[in-house]
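One structure is given below, encoded as structure tokens.
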Amino acid sequence: MGSNVEALTTVFTEFYYWVTVVFMFLIHVGFCMYEVGASRRRNHMHLLMKNTMLIPLVTITFFFFGWWIYWAFPNGPGFIGGLEDGSANAPWSPTMATNLSDRITGVFWAAFLLFSWTAASIVSGAVIERIRSTAFWIHAVLIGSVFWIIDASWGWHYAGWMVKVLGYHDAYASGVIHAIAGGYALGVLVVLGPRLGKFAADGTPRDIPPHNPWLVTIGLFLIYTGFWGFYAACNVPIISPEVIDGQITGVTWTATNIYLAPTTLGAITFNFLMSLSGGLLVAYIVSKGDAFWTYSGGLAGIITASAGNDLYHPIQAMFIAGIGTFCAYKLHYWVEQKFKIDDAVGAVAVHGYAGFIGVVIAGFMLWGQPSSPYADYATINPIGQFLGAIIMFGVLGFLPAFIVSKIMAGMGMLRIPPKAELQGLDHHSEIAYQAAVEDVTKAERELAAKQI
Amino acid sequence: MSTNGMSSWAVDLKDVGAIYPFQGTEVILVVLGLAFWIGFHVLQARIEAEELANAERDFNAEHSGKSIDRY
């Protein structure tokens, strides 16, 4: 760090990303509460373990290869060039460690890692109460440390080929995180099948209500809270035009989005809250006041508007959020009825459909605007956004999940046996718990009797 | 003698980079880390398969009914 201004900028940036990571941790706490609330009592501990252990598995694999993929794959490789030099972000690089000459890589890596956990957690909710942990944790590594980070390298990198060629714009990850995770969840669900009892013999879907609606709603509130950190983490907090080294003239320092195009925290604060509100209002009406869907609708609203929330007017963000939420709700029930898909927490709808729709809407709303501060990039356009949404939801989300799940099902390692599903996944731990309680209370009663 | 090459902080920090011990072993650490990761999946798959086999073997309709009724 050459000067005090440079030092302050670096340390501020370091601290900024660190704070976003702490905030984003709440997303995971929220997902755990949400899943436990939405499930039946006989599966709670299994669900918690399923969601907890994705943390270390995605973390270490994101260290070993996920982060390198982000820096090495912006050209495809093979679409507009070869592999980029990702050596500074390879797991054996001295900058991927305790290093006084690099204060940013660690916190930037961690911010992306928390997105990885989120992608895996989105899939987790959809498949509760019948997937084997073995299968889910392999899926968690694939979505968290491989597929989402490939799409980030393509469409969420200042030099990604989708940004350059398609003009792809997805500032707060409608497609890059949510559409891909929703598509991935759908790919697993198609092969996994519904929970026992979800559909009547004539195919009519049954509602499986959450055992604890309070926990579900508090979980969603925590996810909203963590989402603030997510939004902030998508920005570069302060940078000079000289460092960007693009087309911006003058010397005015700015915050930027991930593409290094200018934005402000003020703008995204307006739009975060207005899109949350648009989603909540429409979800309340369309679900006739159902708490589960009203809260989920708030999330769907933010997710729909996220692709363009660096540039929208707040009232535009509110209406876009409402449109996406309405479509996500209707699509959820249509797909459930038509294709017998049991999405236990509405994850495919809230993340997948809302994310897809948000990316497409941004193509019309931001048509002709620059996708990047660099010369010769395609401008934002509806066709580029539509293709981008298909790549996110279908090509990198649904397709690999479907193929891998088919392989797992063929090997008998995807779904738990029906008897275990009916008995509950906590059956053995509950028996051990009861035995331990009876043993210790019996011993204590005997000790108490001797004292008399 | 120092495991990271630093035996004093009487230095200009602009000249200091990595400060973790045993620099130069990074590739070995990565290989061991990958083995640790794969080993977890292998052992976990065995544990879960055994648990589920036991659950099937010990299935009890009455107990399951109670679990279902607890909702």
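The values are calculated or read from the model by the stated rules, or taken from the named source; none is laboratory data. Keep in mind it's a predicted model, so treat the numbers as computed, not measured. Backbone-built Cβ (ideal geometry, glycine too); neighbour counts: all protein chains shown.
Of note:
- Unmet requirement for B:Ile28, which otherwise passes all of (1) more than 8 Å from every other protein chain (Cβ to nearest Cβ); (2) of a type outside the set (Gly, Ala, Ser); (3) more than 18 Å from A:Ala90 (Cα to Cα): (3)
- Elements of the type helices (runs of 4 or more DSSP H) sitting completely within the range A:24-140 and holding at least 1 residues that are within 30 Å of B:His63 (Cβ to Cβ) and touching a Phe, Trp or Tyr at 6+ places or on another chain (Cβ under 7 Å): these cover A:44-61, A:105-126.
- Residue within the range B:47-55 that is more than 7 Å from chain A (Cβ to nearest Cβ) and part of a loop (DSSP other than H, G, I, E, B) present: no
- B:Leu34 aliphatic (A, V, I, L, M), without any contact (Cβ under 8 Å) to a residue 40 or more places away in the chain and surrounded by 15 or more Cβ atoms within 10 Å (Cβ to Cβ): yes
- Residue pairs whose Cβ atoms lie under 8 Å apart, separated by 6 or more positions or on different chains, with the first residue in the range A:409-438 and more than 8 Å from chain B (Cβ to nearest Cβ) and the second hydroxyl-bearing (Ser, Thr, Tyr), are A:Leu414/A:Ser405.
- Any chance A:Thr217 is part of a helix (DSSP H, G or I), out of contact with any Phe, Trp or Tyr (no Cβ under 7 Å at 6 or more places or on another chain) and either outside the structural domain of A:Glu84 (by TED's automatic domain parsing) or hydroxyl-bearing (Ser, Thr, Tyr) (or both): no
- Tabulated pairs, the range A:325-346, first in the same structural domain as A:Gly301 (by TED's automatic domain parsing), second outside any helix (DSSP H, G or I), C-beta under 6 angstrom, 6+ apart or interchain: A:His332/A:Gly346; A:Val335/A:Ile341; A:Glu336/A:Pro205; A:Lys340/A:Phe199; A:Asp342/A:Pro194; A:Asp342/A:Arg195; A:Asp342/A:Lys198; A:Ala344/A:Ile128
- Residue match in the range A:171-194 (condition: farther than 28 Å from A:Ser124 by Cβ, in the same structural domain as A:Arg132 (by TED's automatic domain parsing) and surrounded by fewer than 22 Cβ atoms within 10 Å (Cβ to Cβ)): no
- Across the range A:59-112, the qualifying residues are those that are within 11 Å of another protein chain (Cβ to nearest Cβ) and of a type in the set (Gly, Ala, Ser), and the one among them that is nearest to A:Trp154 (Cα to Cα) is A:Ala90.
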